[in-house]
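What follows is a set of notes on a single structure, which appears directly below.
The values are calculated or read from the model by the stated rules, or taken from the named source; none is laboratory data. Source: prediction; values computed, not measured. Glycine also receives a Cβ, built like all others from the backbone with ideal geometry; neighbour counts cover every protein chain displayed. These area figures cover heavy atoms from the full protein model, side chains too; ligands, DNA and RNA do not enter into them. Shrake-Rupley method; radii C 1.70, N 1.55, O 1.52, S 1.80 Å.
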Amino acid sequence: MKPILILFRILVGVLFIFSGLIKANDPLGLSYKMDEFFEVLHLHFLIPASLAFSLVMNAFEIIAGFAVLLGYRMRFFSFLLLILIIFFTFLTGFALFSGLIRECGCFGDCIKLTADQSFYKDLILLVMILVIFIYHKRIQPVFPPKATNIIMALAVLFPIALQWFTLAHLPVVDCLPYKVGNNIMEKMKVPPGSTPDVYETVLIYEKDGKQQEYTTENYPWQDSTWKFVDRKDKLVKKGNAEPAIKDFVLTDFDGNNMNRGVLMESLPVYLFLVRDVREAGKGWEKKMQALEQQFKEGKIMLFGVTSSNKEQVEQFQKERGISFQFLQMDGTAIKTAGRSTPCLLLLEKAVVKGKWHYNDIPGFK
């Protein structure tokens, strides 16, 4: 049993440290995935706390991973790990069997696992952690108490420092499709030789208190007593690939598509991403005013990008002392493009040449 315990401790400890580090590199990414779970489970009241949950969970995974490797307070940590992996297995099982969530976010955006891969991974971990929990009394500390305490203290401080840094700046390692060096137009294409997903439009109508789903082919057009309720796209055939960027659609406030003009522009294009202008940070105003001056001199192109409405944007521009044009884009796409509000992107013919957290926007003259 001892060799098995050692093997399981190494596997569980390393995997939890690795998983925690990847997600601590981008705690906002995990919080967005939590929002998705909360919405599907109708736990909307938890959404405001999703970032706090993300920070705590990432830190705990790293701390617990080191504790298992070191044999530190195994009764306590083996119990918490067992509770955590049961919870994870429930979530990944829900994602798999409900079909409502494609990815669990177990390894963030750096290593994407399908729902079934995540579920079976958690099942294997559940078995290993259960064995560790049952036989935790046989596990002895690897190092003397003083050395163990020092390592555990560092294991606590490191994820705190890492997550503070990534929130105040940007992820240390950018795993998003909008990372520096990527061509947005190329990332919007389905890989050569792949088959895209096939969707069918489903129309939901109601009659006599009963709802019924129809397609455009079998809807009873002659019966006007049916009342329209909703419309959704239903996956009919799963493809074997999808583009890395599938929701980059820029429009002006009149609904005109601006993608071509932005992505094909010969001048450098700066996109000032502000998902919700009511939640924008401060301290960037003078730098953006200087950048706007370059735009007025014809040296660059500059656009704001937001999911807020026109009235909110106009008020925002007035309060922050900026006047360059804002375009609209889906909020999820903006969150994917930049992990801060605001975030500045530099494009040169659709290639991302720079990305800055609003705390790190460079000075422009």
Whole-percent tail of the Cα-Cα distance distribution for region 1-155, cut at 29 Å, equals 19
Identify which of Met74, Met301, Met264 has the largest mean-square fluctuation in a Gaussian network model of the chain, with springs joining Cα atoms closer than 10 Å.
Met264
Going from the alpha-carbon gyration tensor of region 46-90, what semi-axes, largest first and in whole Å, does one get by taking the root of 5 times each eigenvalue?
22, 13, 7
Comparing Asp174, Asp109, Asp252 in a Gaussian network model of the chain (Cα, 10 Å), the one with the largest mean-square fluctuation is Asp252
Using the Karplus curve 6.51 cos²θ - 1.76 cosθ + 1.60 with θ = phi - 60°, work out ³J(HN,Hα) for each residue of region 283-296 in order, rounded to whole Hz, and write x for Gly and Pro.
x, 9, 4, 5, 5, 6, 5, 5, 5, 5, 5, 5, 5, 5
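Could you work out the helix-only [θ] at 222 nm for the chain, with each DSSP H run of four or more residues adding -39,500 (n - 2.57) and the total divided by the number of residues, to the nearest 500 deg cm²/dmol?
On the way: 11 runs with 166 residues, N = 365.
My calculation for the chain gives -15000 deg cm²/dmol from helical runs alone.
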For the chain, modelled as a GNM with alpha-carbon contacts under 10 angstrom, which of Val351, Val14, Val202 fluctuates the most?
Val202
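One quarter of the convex hull surface, Cα atoms only: what value does that give for the chain in nm²?
On the way: hull surface 97.1 nm².
Average of the hull's projected areas for the chain equals 24.3 nm².
If you roll a 1.4 Å probe over the chain with all protein chains in place, what percent of the accessible area is carbon or sulfur? All intermediate terms of the calculation are to be shown ahead of the outcome.
Working: 11940 of 19820 Å².
Within the chain, the accessible surface is 60 percent carbon and sulfur.
Using the Kirkwood radius built from alpha carbon pairs, what does the Stokes-Einstein equation give as D for region 127-214 at 37 °C and 0.692 mPa s, in µm² per second? The partial results should precede the final answer.
On the way: Rh = 20.6 Å.
The Stokes-Einstein estimate is 160 µm²/s.
Relative to the Cα centre, what is the charge dipole magnitude of the chain, using +1 at the beta carbon of each Lys and Arg, -1 at the beta carbon of each Asp and Glu, and rounding to the nearest 20 debye? Show your work: numbers first, answer last.
Values: 41 positive and 36 negative charges, 313 e Å.
For this selection, approximately 1500 debye.
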For the chain, dividing by residue count, accessible area per residue (probe 1.4 Å) in Å² works out to 54
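With only alpha-carbon pairs counted, each pair once and no self-pairs, how large is the Kirkwood hydrodynamic radius of region 81-178 in angstroms? Before the final figure, lay out the partial values.
On the way: mean 1/r = 0.0612 Å⁻¹.
Evaluated over region 81-178, this radius sits at 16.4 Å.
What does the charge count near Pro159 come to, summing +1 for each Lys or Arg and -1 for each Asp or Glu among other residues with Cβ under 14 Å from its Cβ? Walk me through the numbers on the way to the answer.
Details: positive: Lys23; negative: Asp26, Glu61.
Around Pro159, the surrounding residues sum to -1.
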Of Ser266, Ser307, Gly283, which is farthest on the positive side of the dipole of region 262-309, counting Cα position, with +1 on Lys and Arg Cβ, -1 on Asp and Glu Cβ, and the Cα centre as origin?
Gly283
